[in-house]
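Nothing in this text is a laboratory measurement; each read-out follows from the coordinates by a stated rule. Given the structure is predicted, the values throughout are model-derived calculations rather than measurements. Neighbour counts run over all protein chains shown; Cβ positions are idealised from the backbone, glycine included.
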Amino acid sequence: MSDDRTPPNLQPPTGETALDPTTTEELLSRIRNKYDEGVGAFEENRRLHSEDLNFVYNAETMGQWDPVVLEARKGKPCYTFNRVIGPVNLVVADMRQTRPKGKVRHESEGAKIKK
């Protein structure tokens with residue numbers, strides 16, 4: 001028995017050469033394109049997420065005021081009453097206490113698949 005702990009079905013075939021450089025470049029190119037598409041698809045969600053976090057948690061640094069409006073109100077009072085943090089903390093605490101669980105239902109012998 002060898003010290004190699006890789007299962008036999010996952011070991012590369014013996015005598016096989018390395019991947020062709022053109023095949024490797026094509027594969028890397030496809031991977032990079034898929035990555036760029038994935039990053040671009042969620043860019044708007046990430047921006048909105050950042051704005052929401054800034055609104056909730058940076059109230060003391062005027063995160064609830066639009067920068068354009070804040071600049072126009074220079075010299076005038078800009079009050080901020082953070083009434084959002086309480087409900088946000090309740091939701092976060094509830095999410096931390098309730099762990100997600102999957103529900104598995106077995107298929108009985110009498111069950112039929114709808115087509």
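The table below lists the values:
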read-out: Rounded to whole Hz, the Karplus (6.51, -1.76, 1.60) HN-Hα couplings of the range 44-58, x for glycine and proline; value: 5, 5, 5, 5, 5, 4, 5, 4, 5, 4, 5, 5, 7, 9, 10
read-out: Spacing of the two label points (7 Å from each Cα toward its C-beta) at Ser108 and Leu90, in nm; value: 4.1
read-out: Rg followed by Dmax, in Å, when the range 21-97 is reduced to its Cα trace; value: 20.7, 65
read-out: Given charges at beta-carbon only (K, R positive; D, E negative), |dipole| of the range 16-96 in Debye; value: 700
